[in-house]
Amino acid sequence: MKICILLIATNKYIQFVEPLLENIEEKFLKGHEKHCLLFTDHEIEEVSENVTVHQIEHEPWPMPTLKRYNYFVEKKDFISQFDYCFYFDVDMKIIADVGDEVLSDLVATMHPYQSFFPPMIRSYERDARSIANVPVGHEPQYYCAGGFNGGSTKEFLSMSEKISFCVNKDLENGVVALWHDESHMNKYFTIKNPTKVLTPEYCFAEEFIGSNEYPYQNPKIVALKKNHNELRS
C-alpha cells in the first residue's frame, strides 16, 4: 500500500518534524511505502526523497490548525496518488509499533480526555452560529481527537472537502468553532460515522503515562506535553 503522511509545521513547530519523521519510518505501518507531505512556512533546503514540502503562510493561532483541511484540499491531486493518508499533529511521538490495525476507510481516535465525559458535557461546539454546532442530545458515540486521523484517500479527501467548506463559511460569518478543526471533524462524524475508532492509546496524553488510574495502559502514539503559549507566540 502507498501511504501519505500529512504534517503541518509552521513557526516554532518545525522543531518536531525530524523526530516524528524518524518515528514514522521506524514504527508506523512498516512494510508499506510511505511518503510525507509537509506543509510549512520554513525554507527547507534538504529533504529526503520520501518527503515533499509545500509552502504555506504562517498565520496567528488558531489558523494553522483551523485551516488544516483547506491545506489538504489544495494538494488533493498529489494526495490522490496514494491508497491511504494519515494526519499527525507534528508534536506527537510514536513509542510502539502501529500496524495494519489502523487501515480502514475513515479512521478516528477517541480523545484522551473528552471520551470519558458524559456526551452532554463533552466540548462539542454548541454555538448555533457555527456549522460545527452539535446540539445537546445529538452527540455521536465518541468524541474524537484531531491529533491523529486518516483513512482511504477517497474518504479522507471527501471529509477534508466538507470540513474546509464549513470552516470557510464560518470564517465568512465571523465565527470560529470552539476547538477549531476538531469541532468541525466531530460534527462531520455526526453525519458520517468513522469505519474505525481507535482507542486513546493512539493519541495518548503524555501526562497519563504511568498512571494506574487511566483506563488504557498501552500507549502507541503520544501527544507530547508542551507549553502551548510559548509555541504559538
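Taking just the C-alpha trace of the stretch 2-232, give me its Rg and Dmax in Å.
Cα only, the stretch 2-232: 16.8, 51 Å (Rg, Dmax).
If you average the C-alpha positions of the stretch 3-48 and of the stretch 73-95 separately, how far apart do those two centres end up, in angstrom?
Each part reduced to its Cα centre gives a spacing of 9 Å.
Given contacts defined as C-alpha pairs under 8 Å and at least six residues apart, what's the relative contact order of the chain, whole-number percent?
24 percent.
Tell me which GluC sites (Glu not before Pro) from the stretch 11-46 have a DSSP coil assignment and no more than 11 other beta carbons within 10 Å of their own.
Of the GluC sites (Glu not before Pro), the ones in loops of the stretch 11-46 whose Cβ has at most 11 other Cβ atoms within 10 Å are Glu43, Glu45, Glu46.
Using the Cα gyration tensor of the stretch 17-70, with a ≥ b ≥ c the square roots of its eigenvalues, what is the shape: rounded (a/c below 1.5), prolate (a/b larger than b/c) or oblate (neither)?
In terms of gyration-tensor shape, prolate.
Which whole DSSP H helices in the chain pass both tests: a Cα extent of 27 Å or more along the axis and a mean Kyte-Doolittle value no lower than -0.5?
153-172
Out of all DSSP beta bridges in the stretch 2-232, what portion is antiparallel? Express it as a percent rounded to 5.
35
Report the full-extension gain for the segment Glu33 to Lys225: residue separation times 0.36 nm, less the Cα-Cα distance, to one decimal in nm.
Using 0.36 nm per residue and subtracting the Cα-Cα distance, I get 66.1 nm.
For every helix of n ≥ 4 consecutive DSSP H residues, a contribution of -39,500 (n - 2.57) applies; sum these over the chain, divide by its total residues, and give [θ] at 222 nm rounded to the nearest 500 deg cm²/dmol.
-7500 deg cm²/dmol
Please list log₁₀ I(q)/I(0) at q = 0.12, 0.18 Å⁻¹ for the stretch 48-158, using the Debye equation with identical point scatterers on the alpha-carbon positions.
Taking Cα atoms of the stretch 48-158 as identical point scatterers yields -0.55, -1.20.
Between Arg126 and Asn173, what length comes free when the chain is fully extended (0.36 nm per residue of separation minus the Cα-Cα distance, one decimal in nm)?
Full extension from Arg126 to Asn173 adds 15.3 nm.
Under the 0.36 nm per residue contour assumption, what length would be gained going from the current alpha-carbon distance of His138 and Ile191 to full extension?
Here the segment from His138 to Ile191 would lengthen by 18.0 nm.
Put a dot 7 Å past each Cα toward the Cβ at Glu74 and Ile95; how far apart are the dots in nm?
Spacing of the two 7 Å Cα→Cβ label points: 3.4 nm.
Tell me, what is the FRET efficiency for Gln217 and Glu25 to the nearest 0.05, using R0 = 30 angstrom and their Cβ-Cβ distance as r?
E between Gln217 and Glu25, to the nearest 0.05, is 0.70.
Under 15 Å Cα to Cα from Lys93, which aspartates and glutamates show up? Leave out anything in the same chain fewer than 8 places away.
List returned: Glu18, Glu22, Glu25, Glu26, Glu201, Glu206, Glu207.
Rounded, prolate or oblate for the stretch 1-46? Axes are the square roots of the Cα gyration tensor eigenvalues, ordered a ≥ b ≥ c, and the cut-off for rounded is a/c under 1.5.
It is prolate, given that a/c is not under 1.5 and a/b is the larger ratio.
Taking a ≥ b ≥ c as the square roots of the eigenvalues of the Cα gyration tensor of the stretch 146-233, is the shape rounded (a/c under 1.5), prolate (a/b larger than b/c) or oblate?
oblate
For the chain, can you list the cysteines whose C-beta has no other cysteine C-beta under 4.7 Å from it?
Singleton cysteines: Cys36, Cys144, Cys166, Cys203.
Compute the FRET efficiency between Lys154 and Val53 as 1/(1 + (r/R0)^6), taking r as their Cβ-Cβ distance and R0 = 30 Å, and round to the nearest 0.05.
For Lys154 and Val53, the calculated efficiency is 0.75.
Could you name the lysines whose alpha carbon sits less than 25 Å from that of Lys162, not counting residues in the same chain fewer than 8 places away?
Lys2, Lys67, Lys75, Lys76, Lys154, Lys187, Lys192, Lys196
No lab work stands behind these numbers, since they all come straight from the coordinates. Owing to the predicted nature of the structure, the values given are computational and were not obtained by experimental measurement. A quick note on method: Cβ atoms are made from the backbone with ideal geometry, for glycine too, and the neighbour counts reach across all protein chains shown.
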